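Have a look at the structure below, then the notes.
The values are calculated or read from the model by the stated rules, or taken from the named source; none is laboratory data. It should be emphasised that the depicted structure is a prediction, and the values quoted were computed from it without experimental measurement. Note that we place each Cβ from the backbone using ideal geometry, even for glycine, and neighbour counts take in every protein chain shown.
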Amino acid sequence: MPKYTYECLNCQTTTQKFANIKDKTQECPKCCADMDRKMPKLKAAKVTEIVDKYSNKKQIQDQKEVLLERKLDYYWKHEVPKMVESGIYGLDTMVEKGWVYYDEKHNLITRTKPPQKE
C-alpha cells in the first residue's frame, strides 16, 4: 500500500498513513472530522547524472545533442527523399535547400545525410 498525506480542513492537522489507493478521505485523530488526501508536491529537479565517467558528459547536455542528431538524421533519411519524389518542389528549390546535388558524372543524387556530415 502506498503512503499518503492527509490534511484535516477543520483543525489543519496533517498525517501520513499507508492507505488503499481508493481511500480519498481518512478520519482525523484529533477532531474526528474527515481528512482529505493531498497531492504530492513535485519539484522539477535537473538530472545531472554522469553518463560516461571518462568523458564527464552530463545527461542533460548529452541528451539534447543526441535528440538533435536523431531529428536531423530522420529528416534527411526519410523526409527529404519523400519531398524530392513528391514533385511539388522545383529543381532549383531542391538544389538551393541542399536536398539534391550533381555528382562528377552529372547525375542528380538525393541526399540522405545532412550536408554538414559529408
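Scanning segment 67-118 for residues that are without any contact (Cβ under 8 Å) to a residue 12 or more places away in the chain and among the basic types (K, R) yields a count of 6. Of all the numbered requirements in (1) at positive phi; (2) at pLDDT below 85; (3) more than 27 Å from the chain's Cα centre (by Cα), N56 misses one, and that requirement is (3).
Considering (1) modelled with pLDDT under 85; (2) within 30 Å of P115 (Cβ to Cβ); (3) aliphatic (A, V, I, L, M), the lone condition that L72 does not fulfil carries the number (1).
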